[in-house]
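Below: the structure, in structure tokens.
The values are calculated or read from the model by the stated rules, or taken from the named source; none is laboratory data. What you are looking at is a predicted structure, and each value in this text was computed from that prediction instead of being measured. FYI the Cβ positions are ideal-geometry reconstructions off the backbone, even for glycines, and counts take in every protein chain you see.
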């Protein structure tokens, strides 16, 4: 009887464990700063009073949003890394103040917001900038990149002529890092890939290759399988405030990351915000009394819990840094941010009067490529409005 009872208890325990996914917990040297259903934020002290911050993102519970500044110049045929050099566009995206981006994200998602980091590399420091490498945003490749430090015919350093760029791809189930092919655009050219960023393997970062791997601020990213099912459902982001890229990557290896490790924009423009702890790492100061050297950045990643927001529906469009150049028979990217759960309509307005349907119905995913068949007039505007409630809209004035 005891044997039967014990077997029954064991069977029930097995079913319970199978039905309850366990959460990833880093070693005790990582101090938990905020742990929610789907994400964890931890701190570890390194030597010489340096600090490492670890974010563990469960893609089955957390939403990753790419937060990109509006376009003021499409950079037609200036792209270098998507389906061949000079065969795609490389837009100039508005550099947006990190506080503006953070405040807007919290206005859209409220208490569901977990964190924000800066993302893509950029090498121009005006009010708007081209990004270094390709991005796919909600099924749309929005830039082919324009960096001189990559596998192009005439890179600034010969080392980069033959390197393999990496693509971080994710959806609501898993993430993976794969080789990127500039000639074909793979894997970004695949229809089932909705969101992806192209960047360096950490060991190919110019700071390591050309600058002898100095201690600095970096983000490095890896993926991890923890639930035992096919696919890596965890995204691990390690942010260091003063360490080498090798050290930052080694910290991820110690946590079990076995695949590729990539790095995104860091150094002087490193930004790390957590909803509980606030602004943790800020763009570098020129000196203690100055504003940050790079307070305005073109591309961020925001993380929030799915289905947790009770904020009223909103659509946000900010003014580009310069005059919007919308040209007849040439593509133009309409970008916005919203928290809608329905579709939107996109229209061309003359004053308060709609004069053209750009798209009567499209996903509320923040991006739409428009090729106008005639010139727009000065004073026209683009309006993005909710199909459920046309009083909810955002407007992009045109010059």
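Brief remarks on what is shown
- Of the strands (runs of 3 or more DSSP E) that lie entirely inside segment 191-310, those containing 2 or more residues that are in the same structural domain as residue 149 (by TED's automatic domain parsing) and exposed (fewer than 14 other Cβ atoms within 10 Å of the Cβ) span 278-281.
- Segment 130-141, residues that are part of a strand (DSSP E or B) and surrounded by 24 or more Cβ atoms within 10 Å (Cβ to Cβ): 131, 135, 136
- Among the residues of segment 154-171, none is identified as closer than 21 Å to residue 64 by Cβ and exposed (fewer than 14 other Cβ atoms within 10 Å of the Cβ).
- Yes/no for residue 212 being out of contact with any helix residue (DSSP H, G or I) (no Cβ under 9 Å at 6 or more places or on another chain) and at positive phi: yes
- Test for residue 145: is it within 18 Å of residue 263 (Cα to Cα), touching a helix residue (DSSP H, G or I) at 6+ places or on another chain (Cβ under 9 Å) and in the same structural domain as residue 296 (by TED's automatic domain parsing): no
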